[in-house]
Amino acid sequence: MVPYDGEDWDNIKEFYGLSESFPRDNLYVHKVGSSVVFLVSNRARSLILDTEEAKRLKVVGSGVKVFEKNSKAKSACKYRVSFEGLSSIFTQLTKRVLEIGDADFLTAMRGGMIKLEEFSEEMQEDLKGEDMGNLILVLRRSLSKSNKVAFPIWKDKMINVLVKKEYLAALKYEAESIGNLSSE
């Protein structure tokens with residue numbers, strides 16, 4: 001693994017509103033030019049990545065995937081936030097985050113491509129107010145909890161929920177652990 005060269009860092013930072021305190025030095029890629037960016041802990045960086053011994057080792061993987069390049073996208077930012085790493089960076093995001101109510105959460109939990117019209121009027125307005133690209137939806141009633149129920153989507157003419165099907169049930173279970181979900 002090698003440090004992320006930061007080629008698109010200013011764009012990523014601005015697009016998602018990442019704070020100055022974001023641990024930029026902890027971003028790594030498997031190789032220069034890689035489309036996946038990983039976030040490693042300070043400890044991992046100091047022990048296995050930034051040492052003389054590390055230069056003699058081939059570190060195959062470390063950290064959690066936080067950004068993935070989508071070079072075909074016609075978005076202001078070529079990188080999207082990965083579901084796997086969202087919980088590691090959620091508190092650093094100040095842009096591209098929308099609150100979602102129970103009924104809209106249940107709609108999103110169907111996964112895949114969803115028409116804008118299938119969401120509530122309030123959510124449709126929120127989505128129309130955002131440019132095309134990656135957004136993070138967070139269940140409104142989880143905002144006061146330590147574990148936010150949040151997930152990435154891609155907004156275009158339709159909404160694409162960027163969560164693997166096997167994780168959708170886990171997200172729904174996590175939301176229900178806060179209290180019964182209401183479809184109204």
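Taking the criterion of being open to solvent by 30 Å² or more (accessible area, probe 1.4 Å) and in contact (Cβ under 8 Å) with a residue 12 or more places away in the chain, the residues of the stretch 113-123 that qualify are Met113, Lys115, Ser120, Glu122. Within the stretch 100-118, the set of residues being under 17 Å from the mean Cα position of the chain (by Cα) and in a helix (DSSP H, G or I) comprises Phe105, Ala108.
Go through (1) open to solvent by 40 Å² or more (accessible area, probe 1.4 Å); (2) within 18 Å of the chain's Cα centre (by Cα); (3) more than 24 Å from Glu7 (Cα to Cα) one by one and return the number of the condition Asp126 breaks. For Asp126, the exception is condition (2).
Taking Leu106, is it out of contact with any strand residue (DSSP E or B) (no Cβ under 8 Å at 6 or more places or on another chain) and over 30 Å from Gly33 (Cβ atoms)? Yes.
Do you know which residues across the stretch 131-149 are in contact with a helix residue (DSSP H, G or I) (Cβ under 6 Å, 6 or more places away or on another chain) and crowded, with 20+ Cβ neighbours inside 10 Å?
Once the filter is applied, which keeps residues that are in contact with a helix residue (DSSP H, G or I) (Cβ under 6 Å, 6 or more places away or on another chain) and crowded, with 20+ Cβ neighbours inside 10 Å, the stretch 131-149 yields Leu139, Val149.
For the stretch 33-54, the set of residues classified as modelled with pLDDT of 85 or more, in contact with a strand residue (DSSP E or B) (Cβ under 9 Å, 6 or more places away or on another chain) and assigned to a loop (DSSP other than H, G, I, E, B) consists of Ser34, Ser35, Val40, listed by residue number.
Annotation note: Cβ proximity below 6 Å between a residue of the stretch 91-112 that is of a type in the set (Val, Ile, Thr) and a residue that is open to solvent by 50 Å² or more (accessible area, probe 1.4 Å) (sequence gap 6+ or interchain) occurs for Thr107/Glu118. Going by the structure shown, is Leu86 modelled with pLDDT of 95 or more and either in contact with a His (Cβ under 9 Å, 6 or more places away or on another chain) or assigned to a strand (DSSP E or B) (or both)? Spelling it out, it is not the case that Leu86 is modelled with pLDDT of 95 or more and either in contact with a His (Cβ under 9 Å, 6 or more places away or on another chain) or assigned to a strand (DSSP E or B) (or both). Looking at Phe105, is it aromatic (Phe, Trp, Tyr), surrounded by 14 or more Cβ atoms within 10 Å (Cβ to Cβ) and within 14 Å of Ala175 (Cβ to Cβ)? Judged against the criteria, Phe105 is a match.
The values are calculated or read from the model by the stated rules, or taken from the named source; none is laboratory data. These figures come from a predicted structure and were not determined experimentally. FYI the Cβ positions are ideal-geometry reconstructions off the backbone, even for glycines, and counts take in every protein chain you see. In case anyone asks, the SASA skips ligands and DNA or RNA and just uses the protein heavy atoms, side chains included. Shrake-Rupley method; radii C 1.70, N 1.55, O 1.52, S 1.80 Å.
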